[in-house]
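Notes to accompany the following structure.
A short reminder: the numbers here are calculations on the coordinates, not readings from a lab. Being a predicted model, the structure only gives us computed values, none of them experimental. Methodologically, a virtual Cβ is constructed for each residue, glycine included, from the backbone with ideal geometry; neighbour enumeration extends over all protein chains shown.
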Amino acid sequence: MAKTLFGELTMAEAAAVAKRKKKPVVILPMGALEAHGEHLPLWTDSVTPYELAKRVAARTRAIVLPPINYGFCYTLRPWAGTVSVKSHTFALIIRDITRELARNGFDRILYMNGHGANATIAGHVLKELEDEFTGSPLHGRGKRSAGSCPTFRACIVSWWSIKELGAEAGHADENEASMVMALTGWKKRKSVQARSKRYFGRVIPMPKHQLTKYGYSGKVSGESKEKGERMANIVVDKLVKLVKADLLLKED
């Protein structure tokens, strides 16, 4: 049976995989370590994309990298347990890992995101690396230079953004809680429904009451393992299609 975890490959196995004519998609889970109310673990944003990625790999030829367990989570710093890195630190991490994967011969990378801010930062980095890897002249001008990974393609997916879920994005809400319960066996814990407020646009500094005093937003208390399994199946089914489409899956 083919190995699906990058970290379990030997040096020789990694070299052999990178030399395949049809190289596998490698999945990099991007997470964070931050407060998720009083009812969810601090590593929610890391364990969720990692476990989803492993399910995707089990049904495809994809290989899952060890997750990035730290992210840019400044808005949650007032709550205990949050360990944030600066935005430029996270950008450098993404840049270096991506360059190293390309150097090793991997040119298809799915960035499986579990923390909102990661996607924005990673997206900026990858757009810059596109020029570096492909050597594409800007606006069709100039000569095309030889890039270090001319066949490079990447895709960033935040699991909650998959439209088939039909769910609003909250933080540590019942949808996220249900996913954690289904993917990890986390037991339901008591949560207090408190009010949070929505604001138009992205307001900085974060307005008071955008998150509850418990460090979450959205509806809680309706989570269940069964609901999480239904959600996980929807996410995995969509990502399996994405991988099989070589990271170019058209939306209906």
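Some points to look at:
- Under the Karplus curve 6.51 cos²θ - 1.76 cosθ + 1.60, θ = phi - 60°, whole-Hz ³J(HN,Hα) for the stretch 203-213, x wherever Gly or Pro sits: 9, 10, x, 4, x, 5, 6, 5, 10, 6, 5
- Protection-proxy order for peptides 213-220, 243-250, 95-102, each taking the mean of Cβ atoms within 10 Å per residue, highest first: 213-220, 95-102, 243-250
- Built amide H within the under 5 Å cut-off of residue 27, gap 5+: 63, 64, 65, 110
- Cα-based Lys proximity count in the stretch 13-127, under 26 Å, for pairs eight or more positions apart or on separate chains: 9
- Cβ-defined net charge surrounding residue 38, 11 Å radius [Lys, Arg +1; Asp, Glu -1]: +3
- A Cβ-based charge dipole, computed about the Cα centre of the stretch 1-153 with Lys and Arg at +1 and Asp and Glu at -1, lands at about 880 debye.
- Calculated on the Cα set of the stretch 18-77, radius of gyration then Dmax: 14.4, 48 Å.
- Hits among aspartates and glutamates - C-alpha to C-alpha of residue 244 under 13 Å, sequence gap 8 or more where chains match: none
- In plain terms, if you count all Cα to Cα distances in the chain and split them into 10 Å steps from zero, the share in each step is 7, 29, 34, 21, 8, 1, 0 percent.
- C-alpha center-to-center spacing [the stretch 228-252, the stretch 1-60] in angstrom: 15
- The lysines whose alpha-carbon is closer than 26 Å to the alpha-carbon of residue 190, local same-chain residues fewer than 8 away aside, are 208, 213, 219, 225, 227.
- Close amide-amide hydrogen proximity is noted between residue 33 and 71, 83, each under 5 Å apart and 5 or more residues distant or on a separate chain (H modeled in the peptide plane; Pro and chain starts excluded).
- Considering only the chain, percent of DSSP beta bridges that pair antiparallel, nearest 5: 10
- Scattering curve values for the stretch 102-252, log₁₀ I(q)/I(0), Debye with Cα scatterers, q = 0.10, 0.14, 0.18 Å⁻¹: -0.51, -0.86, -1.13
- Using distinct alpha-carbon pairs, which all enter the 1/r mean, Kirkwood radius of the stretch 11-140 in Å: 15.8
- Förster radius 41 Å - calculated FRET efficiency between residue 244 and residue 192 (Cβ-Cβ, nearest 0.05): 0.45
- Partner aspartates and glutamates whose Cα lies under 14 Å from the Cα of residue 241, excluding those fewer than 8 positions away in the same chain, are identified as 164, 251, 252.
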